[in-house]
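J.: Have a look at the structure that comes next, please.
The values are calculated or read from the model by the stated rules, or taken from the named source; none is laboratory data. This one's a predicted model, so the numbers in the text were calculated from it and none came from an experiment. For neighbour counting, all protein chains shown are included, and Cβ atoms are generated from backbone atoms with ideal geometry for every residue, glycine included. Each accessible area value is taken on the protein alone, full model and side chains, heavy atoms only, with ligands, DNA and RNA left out. Shrake-Rupley method; radii C 1.70, N 1.55, O 1.52, S 1.80 Å.
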Amino acid sequence: MSIKSIALAAAAVAALGSTASADSYFQLGENLEAGTILELGIVRSDADGIVEIYTSDAGDLGTLIGTEAVHAGANSDVRVNVGSAPQKDVIALLKVNGQVVAQHDYDIVR
């Protein structure tokens, strides 16, 4: 596989977000508008679960700043109240039965 092919594959994975389950994912791209409510767009989940939003600490999970319940299937217009507009980028986790089934890193646009 050429370096160009590897780079394209890596870019595609980054654009889609990482998933631990093929049927659970965050559909929205990489950027979120700063605000007290973060609009994640469509979140698809294999089963009922919860979205958790954490601050990003150099790419690692920081402080939990908000949660929102989701149901099995496609959840449109998922919005998470985070109290105050994040000053750092954030990481969204989708958990089902306490297990992370999808993760997505978002850049906060100020």
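J.: 5 Å is the cut-off here: which amide hydrogens, built 1.01 Å from N in the peptide plane, fall below it relative to Asp89, excluding neighbours closer than 5 in sequence?
T.: Result for Asp89 returns Ser56, Ile108.
J.: Next up: Contour minus end-to-end for Arg79 and Val109, with contour as 0.36 nm per residue of separation and end-to-end as the Cα-Cα distance?
T.: Gain in length upon complete extension: 9.2 nm.
J.: Between His71 and Asn31, how many nm apart are label points set 7 Å from Cα along the C-beta direction?
T.: Here the modelled spin labels are 3.3 nm apart.
J.: Continuing with the same structure: Note down the nm distance, to one decimal, between modelled labels 7 Å out along Cα→Cβ at Glu39 and at Leu64.
T.: 2.7 nm
J.: Apply the Karplus parameterisation 6.51 cos²θ - 1.76 cosθ + 1.60, with θ equal to phi minus 60°, to every residue of the range 97-107 and state each ³J(HN,Hα) to the nearest whole Hz, in sequence, with x for glycine and proline.
T.: Rounded to whole hertz, the list is 6, x, 9, 6, 10, 7, 9, 8, 9, 10, 8.
J.: Testing the spin-label approximation: label points 7 Å from Cα along Cα→Cβ at Ile50 and Asn97. State their distance in nm.
T.: Placing both labels 7 Å beyond Cα along the Cβ direction yields 1.7 nm.
J.: Going from most exposed to least, what order do Leu28, Leu93 have by accessible area with a 1.4 Å probe?
T.: Leu28, Leu93
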